[in-house]
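Note sheet for the following structure.
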Amino acid sequence: AKDDGRNTHRVFTPAMRESATDRIMLISKLRSALANDEFELNFQPQIDLTSGRVVGAEALLRWNQPELGRISPGQFIPLAEESGLIVDIGAWVIEQAIQTAADWRSRGLGELVMAVNISALQFRHGQLAQQITSALTRNRLPGANLEVELTESTLIDDTDRLEEAIAQLKRHDVKLAIDDFGTGYSELTYLRRFAVDRLKIDQSFIRDIAESDSEALVTAVLQMAHSLGLTVIAEGVEISAQADQLIELGCDEAQGYHYGRPMTAAAFEAVLIEQLTT
Ligand code: C2E
Ligand code: CA
Ligand code: CA
Ligand code: CA
């Protein structure tokens, strides 16, 4: 299963997932994955629903393990967190994502916002904000062209260090998005406290958006977000009916297979070049 398509991740059976020896085996392979250059970033387009144009990219990590094939992030990210390896892996992701965004921008391919997923642990260890701002400076990418995606649990599990790190990123105009919004906590005071810029509505709500309960939820999120001055992006948009409904409801941006799957940097670049001429 090497290069035979984008979504051919190896899926472990529940039994394997439970097995401690398999987890230990995977963690030991993860440990050498950075040095062996086994990681790659894919990029998924984010679409402005008013203009229909690509305005952002989410960087999504891929692991091509020589013996096991592709292992999905759903599988290895939790292990990387558990083992602490996420700190070094996350640093690599940040550097690669910023380099790629800076490269596209310097070549005139557009003013994209590059979104990067950050785990709570990355805030607890090391100098995350420092690392991000120095990568921005080194690559000459304005902070406004970068977005960090955090989950609600990261923000709730709050420490002074986290608040300080986010404040530092905000001083550089880095954007802050809440990932999987709607699946976590009902306490929303953190939206103000951390000056959140936008919400990513979890794909479970988009999947069922034709049903009245999900539609009501999406409508409520949009109302709340807009009255607080936040923008909203819908995740997991797979079919045009969902896209149409989101436009109708006044959602700002969307992301999902309907617009494009996560793809290599080269493929994404081709999309940007195509967009330049339209
Ligand atoms: P996420 O951040 O919620 O990312 C969205 C996931 O939904 C991605 O899965 C993406 O490929 C998938 N997706 C996009 N559009 C659609 C759609 O239309 N339908 C469906 N069913 N799925 C769609 P992926 O790439 O397997 O990543 C899974 C999770 O792994 C991510 O969820 C994120 O939590 C984590 N992850 C991925 N890359 C990184 C990374 O660099 N750092 C960290 N900390 N976590 C990452
Ligand atoms: Ca985003
Ligand atoms: Ca995300
Ligand atoms: Ca998400």
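The values are calculated or read from the model by the stated rules, or taken from the named source; none is laboratory data. None of the values given here were measured: they were computed from a predicted structure. Cβ coordinates were reconstructed from backbone atoms using ideal geometry, including for glycine residues, and neighbour counts include every protein chain displayed. All accessible areas refer to the heavy atoms of the entire protein, side chains included, with ligands and DNA or RNA removed. Shrake-Rupley method; radii C 1.70, N 1.55, O 1.52, S 1.80 Å.
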Original post:
So which residues in segment 252-278 are open to solvent by less than 20 Å² (accessible area, probe 1.4 Å) and out of contact with any Ser or Thr (no Cβ under 9 Å at 6 or more places or on another chain)?
Top reply: 254, 255, 256, 260, 262, 272
**OP:** Would you point out the residue of segment 114-172, among those that are β-branched (Val, Ile, Thr) and assigned to a loop (DSSP other than H, G, I, E, B), that is nearest to ligand 1 (Cβ to nearest atom)?
**Re:** 118
Subject >> First in segment 160-187 and touching a residue at least 60 places away in the same chain (Cβ under 8 Å), second anywhere and open to solvent by 40 Å² or more (accessible area, probe 1.4 Å), Cβ under 6 Å, 6 or more apart >> reply: 175/197; 179/151
Subject >> In segment 36-50, the residues that are more than 12 Å from ligand 2 (Cβ to nearest atom) and within 20 Å of the chain's Cα centre (by Cα) >> reply: 38, 39, 40, 41, 42, 48, 49
**OP:** Can you give me the number of residues within segment 164-205 that are open to solvent by 60 Å² or more (accessible area, probe 1.4 Å), more than 18 Å from residue 253 (Cα to Cα) and at pLDDT 90 or above?
**Re:** 4
Original post:
Where in segment 188-278 are there helices (runs of 4 or more DSSP H), lying fully within it, with 2 or more residues that are closer than 20 Å to residue 150 by Cα?
Top reply: 190-193, 203-207, 212-227
Subject >> Looking only at segment 242-251, and only at residues there that are surrounded by 18 or more Cβ atoms within 10 Å (Cβ to Cβ) and either within 16 Å of residue 55 (Cβ to Cβ) or aromatic (Phe, Trp, Tyr) (or both), the one that is nearest to ligand 1 (Cβ to nearest atom) >> reply: 243
**OP:** Having 1 or more residues that are in contact (Cβ under 8 Å) with a residue 12 or more places away in the chain, more than 15 Å from ligand 1 (Cβ to nearest atom) and of a type in the set (A, V, I, L, M, F, W, C) is the bar; report the strands (runs of 3 or more DSSP E) wholly within segment 16-77 that clear it.
**Re:** 54-65
Original post:
Condition test on residue 111, is it surrounded by fewer than 21 Cβ atoms within 10 Å (Cβ to Cβ), assigned to a strand (DSSP E or B) and either within 16 Å of ligand 1 (Cβ to nearest atom) or not β-branched (Val, Ile, Thr) (or both)?
Top reply: no
Subject >> Within segment 51-81, considering residues that are within 15 Å of the chain's Cα centre (by Cα) and of a type in the set (A, V, I, L, M), the one farthest from ligand 2 (Cβ to nearest atom) >> reply: 77
Original post:
Looking only at residues in segment 13-23 that are at pLDDT 60 or above and surrounded by 12 or more Cβ atoms within 10 Å (Cβ to Cβ), which one is nearest to the chain's Cα centre (by Cα)?
Top reply: 23
